[in-house]
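Read-outs throughout are calculated quantities, based only on the coordinates presented, and are distinct from any laboratory measurement. Because the structure is a prediction, the values reported are computed rather than measured. Here the Cβ positions follow ideal geometry from the backbone for every residue, glycine too, while neighbour counts run over all protein chains shown.
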Ligand code: NMX
Ligand code: MLT
C-alpha cells in the first residue's frame, strides 16, 4: 500500500525530531495554569500535541496547515463532482501532504476492499431495544467490531513497540471503511425497518456509496456528504471526542475501544449532539410562529430560551472567538443550492440575530455560530431525519461520528508511531488549592 510506505518513510524522521526537541528543550515552559482553569474544564491549558490540525480562535481550523477553503480547492476531485473525495482528506490527515487523485483513490479502494461488516454487528444492533439511541448503537457497533482488531491480535502475539503504528493503521482503515455502512444500517433499522437497505455499490466513492445506501438518488446529497465528512473530521486534540479517544488509546487499547469511547463523548449535548438540538430549536421556532419569523420575533424567542435556563444550541465555543469556518462553508452550500428552504432560511436569520442576543448576556465568550448551528438544516433538506420512528433523535450526531472517526484514528496512528505515553495528569484537592491561595 503506497499510503503505508509513505508513512513508513516519514516516521523515523519524526521520531528523531521529537527526540531532539525533548533533549534540547524538554524543560522549556509551555504555559502556566491557574485555579480558574483547574476548576474550569482546563480551558486553554496547553497539554496535548498533534500535527494533524490546529484551531486558531480567530481563524478556525486548519487541517495539516490548510483552511477549509484551501482544502476544497486543493484536494482531488472525481470527474463531474465539485467537492473533493474524502479518501483524499484521510490521506492528507495521515500523511500531511495533499494527495494526487491516484493516492486519494488508493484510500477509497482500500475502504471498498475493507467495507464488509460482519453479520454479528448487525445482529447486535437488531438485538437492541426500541428505545436505544442511535449514538448508543453507533458506539456499540464500533465496540462490537473490536473482535476484528489487528493491533490487539498482534499485541497478544508479542508485537514490537516500533510496529504498533502499522497495526493501528490496519485497524483504522478497517474501521473507517465500515462506518458509512453501519450508519446507513442504523438509519434504516431505526427510521424505516420495513424498507430494505441497498447493498453497497463498489463503483461509488465512500460518500456517494453512503448516499446510495441511504436510498437518496441525488448527486447533490453526495456532494453535501463529502463536504460534511471533510469538515467534521478533526478539530485539534482538546475537543471531547478527540481527547477521549486519545486518552483511552494511550493505554494501548486499540482504535475500536478508543473510538467507541470518543463517540460516547460526541453524544453529549454540549458537543456533537448540539447539531440535533440546533435543528430541534429551529423547528420549535417554526412551530411557534407557523413560518420563518421576523427578526424581532426571533430575538424574543432567543431571549426566552436564555431566560428558561437553556443554551442556544450551535452557538458558542470553548476555543473559537469568531464564526466557525465550518459554519460558513455550509451556509454557502445552502445559499448556492436551496436558499428558499424555510429551515435553511431560518438558520441564516438566526446568524443575523443570535450573536447580539448572546453578546448582551455579558458572559458568553463566543457569541458566534459553530459547525452544529446549520448542519441539520442542510441534512433535513434532503429528507434525512434526525429523529427515528419512536421519536428518539441522534442520527445527525452519528453522521458527525462517521467523520470524526477519520480524525481520531489518524491521530491514533501517529500517537503509536511517536510512542506517545499513557496519559495521566495530576489532580489536586480543593483544600490544596485553598492553601495555595492563602499562602
Ligand atoms: N447559549 C447560552 N449560553 C451560553 C452559550 C449559548 N450558546 N454558550 C455559552 N453560554 C454560557 C455558558 O453556559 C456559561 O454560562 P454560566 O457561566 O452560567 O455557566 C457562559 O456562557 C460562559 O461560557 P463560555 O466560556 O462562553 O463557553 P464554554 O467554553 O464554557 O462552553 C460551549 C462552550 C460550546 C459548551 C457553549 O458555548 C455551549 O453550551 N454552546 C451551546 C452548545 C453547542 O453548540 N455545543 C457545540 C460545540 C461544538 N461542537 O460540535 O462540539
Ligand atoms: C469539535 O469539532 O470537536 C467542536 O467544535 C468542539 C471543540 O473543538 O471543542
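Suppose the chain between residue 311 and residue 4 were pulled fully straight at 0.36 nm per residue; how much longer would it get relative to their current alpha carbon spacing?
Working: separation 307, 0.36 × 307 = 110.52 nm, distance 4.44 nm.
Taking 0.36 nm per residue and subtracting the Cα distance, the gain is 106.1 nm.
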Any idea how far apart residue 294 and residue 22 come out in nm if each label point goes 7 Å out from Cα toward Cβ? 6.5 nm
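In what order do 214, 42 fall by count of nearby beta-carbon atoms within 10 Å, going from fewest to most? Provide the component values of the computation, followed by the final result.
On the way: 214 23, 42 16.
Starting with the residue having the fewest Cβ neighbours, the order is 42, 214.
Would you mind classifying the chain by shape? Square roots of the alpha carbon gyration tensor eigenvalues, ordered a ≥ b ≥ c; an a/c under 1.5 is rounded, otherwise it is prolate if a/b is larger than b/c and oblate if not.
On the way: a/c = 1.56, a/b = 1.10, b/c = 1.41.
Taking the square roots of the gyration eigenvalues as a ≥ b ≥ c, the chain is oblate.
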Could you list 168, 50 so that the one with the fewest beta carbons within 10 Å of its beta carbon is first and the one with the most is last? 50, 168
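Using a Förster radius of 45 Å, what is the FRET efficiency between residue 147 and residue 435 based on their Cβ-Cβ separation? Nearest 0.05, please. Intermediate results must be reported in sequence, preceding the final value.
Working: r = 50 Å, r/R0 = 1.11.
FRET efficiency, residue 147 to residue 435: 0.35.
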At residue 69 and residue 199, where each label point lies 7 Å from the Cα along Cα→Cβ, what is the point-to-point distance in nanometres? 4.6 nm
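To the nearest 500 deg cm²/dmol, what mean residue ellipticity at 222 nm is calculated for the chain from DSSP H runs of n ≥ 4 alone, each contributing -39,500 (n - 2.57), summed and divided by the residues?
Details: 20 runs with 260 residues, N = 439.
So the calculated ellipticity at 222 nm is -19000 deg cm²/dmol.
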If neighbour count is taken as other Cβ atoms inside 10 Å, put 69, 324 in order from fewest to most. 69, 324
Which one of 294, 251, 67 has the biggest mean-square fluctuation once the chain is modelled by GNM with Cα springs under 10 Å? 294
Separation between Cα centres of the stretch 306-373 and the stretch 208-228, rounded to whole Å: 25 Å
